[in-house]
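Student: Here it is: the structure, laid out below.
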Amino acid sequence: MKRRIGILTSGGDCPGLNATIRGVAKACFQQFGDDVEIVGISNGYYGLIHNLCKEMTPSDFSGILTQGGTILGTKRQPFKMMTVIGDDNVDKVKNMKETYKKQKLDCLLTLGGNGTHKTSQLLSAEGLNVIGLPKTIDNDIYGTDVTFGYQTAVDIATDAIDRLHTTAASHSRILVCEIMGNKAGWLTLSAGIAGGADIILIPEIPYDIDKVCDALMRRAASGKSFSILAVAEGAFDVTEAQMKKKERAKKRAEAGILTATSRIAAQVQASTGIDTRVCVPGHMLRGGSPNAYDRVLATQLGVHAAKLIAQEKYGTTVAVCGNKLTANKLKDIAGLTKFVDPKGTLVTTAKNLGVSFGDK
């Protein structure tokens, strides 16, 4: 039985995408031999919409295990716009289905995060054979314990915080490190613990700036000459917690301060009188080679996706649950976000070390 498999990477890039692509391809060639053809789709769903496809050979997947980014390219295509026909008069869903048929695909593999999974479910509901793979440095895909790219990003963010300690100590400053994570605080929480941050602010625990400043002043009074704050980009205070996302954005725009970290730094310096600076590692967290953990994880997830193809278990996404490889139905997890539990083990561990979350 001949199988023709399409692969695309969608949304933000991250370390491990190429390792996953390699894992899928090598496992498929191993299982199916000459009875498999792999079609690479450029620039995510944009490429599927516009039929930007190329048949790939085994040599295309050599030497990419350690390579960062994605050899297929990626482009953001917001899910909320997928069913909207814009000024270009393109029916995106119709075009994606037509590309699938033109390329004579038997299955489509989609490597991506929450938005990617929502579009994957949309295509699955439209009758296409789709299998998802969980990619995001935010680790916020529902139904899986971990996503590839996350652990590498934790390492990079931790290194950034490590380096802030020496310069903060040298200048007796407060340094605020902004870490990616708009909805969920997994990355900030893990890097904050690993990097020895004194205060960790995440979206799941709205902070009180007065309590943040109190914690900083207690450190100063105890003889500590500096402090490190690890702040998720999506963090908000207790007042903003009562607002909708657009209301929060409007309030910040009116104040002339668009990011949480900029505002926090300004408030902290005004309240404590201590020189406070902001550091934003930004897209460095997405870049570079995957660490050993993510190389192994990505390979495992890719191989398991090949197994699902062999079993024709479509409409699913690969997952890790309790150290076991499994699969969830796309319809059960698409659109859901895995949030940090404010009373969970990681938060409790940090609090027992004396780390403040600005809530007490």
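The values are calculated or read from the model by the stated rules, or taken from the named source; none is laboratory data. The model shown is predicted, which means the values in this text are computed figures rather than measured ones. Don't worry about glycine lacking a Cβ; one is built from the backbone with ideal geometry, like all the others, and counts go over all protein chains shown. Ligands, DNA and RNA are stripped out before the accessible areas are found, and what is left, the full protein with its side chains, is counted by its heavy atoms. Shrake-Rupley method; radii C 1.70, N 1.55, O 1.52, S 1.80 Å.
Student: Relative to the longest principal axis of the chain, what angle (0 to 90°, nearest 10) does the C-alpha long axis of helix 92-102 take?
Tutor: Helix 92-102 sits roughly 40 degrees off the main axis of the chain.
Student: Of the heavy-atom accessible surface of the range 1-98 (probe 1.4 angstrom), what whole percent is carbon and sulfur?
Tutor: Exposed carbon and sulfur together represent 46 percent of the surface.
Student: Consider the candidate values (i) 73, 43, 31; (ii) 60, 45, 38; (iii) 82, 50, 36; state which one is Cα extents along the principal axes in Å computed from the structure displayed.
Tutor: Answer by label: (i).
Student: Sticking with this structure for a sec: If the chain between residue 257 and residue 94 were fully stretched, how many nm would it gain, using 0.36 nm times the residue separation less the Cα-Cα distance?
Tutor: 54.5 nm is the gain from fully extending residue 257 to residue 94.
Student: Now for a separate question. Do any of 92/245; 251/338; 2/324; 97/135; 118/329 go past 19 Å between their Cα atoms, and which?
Tutor: 92/245; 251/338; 2/324; 97/135
Student: Calculate, for the chain, the solvent-accessible area per residue in square angstrom, rolling a 1.4 angstrom probe over the heavy atoms of the protein chains.
Tutor: 44
Student: Please determine, in degrees from 0 to 90 and to the nearest 10, the orientation of helix 209-221 with respect to the longest principal axis defined by the Cα atoms of the chain, where the helix direction is its Cα long axis.
Tutor: The angle comes out at about 60 degrees.
Student: Where in the range 119-157 is the amide nitrogen less than 18 Å from a point lying 7 Å along the Cα-to-Cβ axis of residue 311?
Tutor: Counting backbone N atoms under 18 Å from the label point, the list is 129-134, 143-145.
Student: Right, another one. Mind checking which of 141, 174, 160 is farthest towards the positive end of the chain's charge dipole, using Cβ charges of +1 (Lys, Arg) and -1 (Asp, Glu) about the Cα centre?
Tutor: The residue sitting most towards the positive pole is 141.
Student: Could I ask something else about it? Label 7 Å along Cα→Cβ of residue 50; the range 4-24 residues with amide nitrogen under 17 Å?
Tutor: Of the residues in the range 4-24, 8-11 have backbone N under 17 Å from the label point off residue 50.
Student: Would you mind checking the tilt of helix 260-272 against the longest principal axis of the Cα atoms of the chain, expressed as 0 to 90 degrees and rounded to 10?
Tutor: 10
Student: Roughly speaking, to the nearest percent, how much of the range 157-254's 1.4 Å accessible area is carbon and sulfur?
Tutor: Carbon and sulfur together cover 50 percent of it.
Student: At what distance in nm do the modelled label points of residue 296 and residue 84 sit from each other, each positioned 7 Å from its Cα along Cα→Cβ?
Tutor: Distance between the two pseudo-spin positions: 4.4 nm.
Student: For labels at residue 246 and residue 275 in the simple 7 Å Cα→Cβ model, what's the distance in nm?
Tutor: The two pseudo-label positions are separated by 4.3 nm.
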